[in-house]
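Written out below as structure tokens is the structure these notes cover.
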Amino acid sequence: MRAPVIRTPLPGPRAAALIELDSRYVSPSYTRVYPLVAQRAEGLWVTDPDGNTFLDFTAGIAVCSTGHCHPRVVQAIVDQAHELLHMSGTDFYYTPQIALAERLARLMPGDAPAKVFFGNSGAEAVEAAFKLARWHTRRDLNIAFFGAFHGRTMGALSLTASKTIQKRYYSPLVPGITHVPYPNCYRCPFGHCEKKCGIECVDWMENVLFRTSVPPEEVAAIFVEPIQGEGGYIVPPPEFHRELIKLAHRYGILFVADEVQSGMGRTGRMLALEHFGVVPDVVALAKGIASGMPLGAMIARADIMDWEAGSHASTFGGNPVSCAAALATLDLLEEGLMQNASDRGRQLMEGLQRMQLTHECLGDVRGLGLMIGVELVKDRETRERAVDWRNRLVRAAFKRGLLLLGCGENSIRFCPALTISPQEVEVGLSIFEECVREVNH
Ligand SMILES: Cc1ncc(COP(=O)(O)O)c(C=O)c1O
């Protein structure tokens, strides 16, 4: 069974030299929680410049959906690069963008025809949805959730309510956005116990928010992550999205699903919303869509995407090489990787739940498919957040050759590539358990 190989103290001498150079020339705004320098990678294995090899349970923040450098994705990129690198889909036509738009439009749940706008990132996909919602509805206001992360451009940032540091000193942001509580059943914002809430999050919007401060007929859209990502990998109760979309449609409000992190097969379905039986009006996609090439897509029902020529565009959005990578990615997802996400997700979830029986600090284990979060607590009863343990655990895993990332205040996310094997799941679980023991003693 392949395991991580750590040959040097971390960072090793070559990695350390690069990190020193980085500190001189690269923006200090990035958040590097441990000193990994990636030199090359394949599948789930990342090698640094000193020859250390790591098992990657982050997939470059849920991006390398088909694993690092999947040969079919690489081949599609190489073939397309020989054919056409760029022409700008804003001004001209080319095959990969059209072909990908057709594939993505068909992914949209429901029978209504859909259309696609292309950008380069998650923030751009959300930004496009934000603008389209205003354009189509001619309404000024919007609703998003506490804990939400929608990106860092000014519009997407205005919808974001994840960490104050992301917003500090950037005001005034786009006005007219109200944040409301997300249904986190482990820490119910309304003080209910699990699964006995009657979806008060939605009722509260209608009975309090819409009656006291936000006129619903002025709201363009509700932006929601089907599973909250950066906020802590939080899975809402099954009825939540169904009730939310009913509320939205009662008032002519668009339901915008931000599937940037949860989409592209990660949860075992192409879109996470499919688990909840909801047909959204607009979907934002990015991250896993092109296995690592920059691409964002905003898909909307064709009758909603009614803006006129010139109202929105992007020079690089829908770049032919990124579109070719996305087409190869979609093939791989449909040929079996989505099923693997489901199967391996179950294995990982069961392994973590077993661990929860012996490790008190694993307060909550939740997720769908390969989007799994583990919340660390000091005490099971009080659910006191173990922020320092989480941070130590992520660093301890790195030292042992397992790449993990945090999310929320005190959670760890598991978002490996959808190509993960049963053996790789087991290796990851056993390193994780060693780290849990280390930080908890
Ligand atoms: C749900 C969600 N939306 C939007 C974004 C922003 O994506 P990007 O960093 O590609 O702009 C992210 C990134 O983490 C995300 O998780």
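If you take every DSSP beta bridge whose two residues both sit in the stretch 87-318, what share of them, in percent to the nearest 5, is antiparallel?
Of those bridges, close to 40 percent are antiparallel.
Using only Cα atoms, locate the centre of the stretch 331-395 and the centre of the stretch 7-29, then give the distance between them in Å, rounded to an integer.
The stretch 331-395 and the stretch 7-29 have Cα centres separated by 30 Å.
Can you put ARG266, ARG413, ARG242, ARG106 in order of Cβ neighbours within 10 angstrom, beginning with the fewest?
On the way: ARG266 33, ARG413 24, ARG242 14, ARG106 11.
With the fewest neighbours first, ARG266, ARG413, ARG242, ARG106 line up as ARG106, ARG242, ARG413, ARG266.
Applying a 10 Å radius around every beta-carbon, put 292-303, 226-237 in order of their mean neighbour count, most first.
In descending order of packing, they fall as 226-237, 292-303.
Would you list HIS150, HIS136 from fewest to most Cβ contacts within 10 Å? Walk me through the intermediate numbers first.
Values: HIS150 31, HIS136 20.
By the 10 Å Cβ count, ascending, the order reads HIS136, HIS150.
I need the calculated FRET efficiency for the pair ARG14 and ASP303, taking r as the beta carbon distance and R₀ as 51 Å, to the nearest 0.05.
Efficiency for this residue pair is about 0.40.
Return ILE253, ILE289, ILE77 ranked ascending by Cβ neighbour count within 10 Å, so the fewest neighbours appear first.
Going from least to most buried by this count: ILE77, ILE253, ILE289.
Packing-wise, with mean Cβ within 10 Å as the measure, how do 137-145, 19-27, 93-101 rank, highest first?
The peptides rank, most packed first, as 137-145, 93-101, 19-27.
Please name whichever of SER88, THR153, ASN207 sits farthest to the positive end of the charge dipole of the stretch 87-318, dipole taken about the Cα centre and charges placed at Cβ: Lys and Arg +1, Asp and Glu -1.
In the stretch 87-318, that residue is THR153.
May I ask what percent, to the nearest 5, of DSSP beta bridges between residues of the chain are antiparallel?
65
Under the rule of -39500 (n - 2.57) per DSSP H run of 4 or more residues, summed and divided by the residues of the chain, what mean residue ellipticity at 222 nm is obtained, to the nearest 500 deg cm²/dmol?
Numbers: 12 runs with 146 residues, N = 441.
One gets -10500 deg cm²/dmol as the mean residue ellipticity at 222 nm.
May I ask you to list the trypsin sites (Lys or Arg not before Pro) in the stretch 172-225 that are in a DSSP loop and have at most 16 other Cβ atoms within 10 Å of their Cβ? Walk me through the numbers before you get to the answer.
Working: sites: ARG187, LYS195, LYS196, ARG211; in loops: LYS195, LYS196.
Of the trypsin sites (Lys or Arg not before Pro), the ones in loops of the stretch 172-225 whose Cβ has at most 16 other Cβ atoms within 10 Å are LYS195, LYS196.
Starting from the alpha-carbon convex hull of the stretch 314-386, give the projected area averaged over all orientations, in nm².
Its Cα hull, projected and averaged over all orientations, spans 7.4 nm².
Which whole-angstrom value gives the distance between the alpha carbon centres of the stretch 247-292 and the stretch 96-116?
13
Where does the stretch 87-318 land on Rg(C-alpha)/(2.2 N^0.38 Å)?
Output field value: 0.97.
Would you mind calculating the relative contact order of the stretch 116-266 from Cα pairs under 8 angstrom and at least 6 residues apart, reporting the percent as a whole number?
25
No lab work stands behind these numbers, since they all come straight from the coordinates. No experiment lies behind these values; they were computed from the predicted model shown. So basically every Cβ, Gly included, is an ideal-geometry build from the backbone, and we count neighbours across all protein chains shown.
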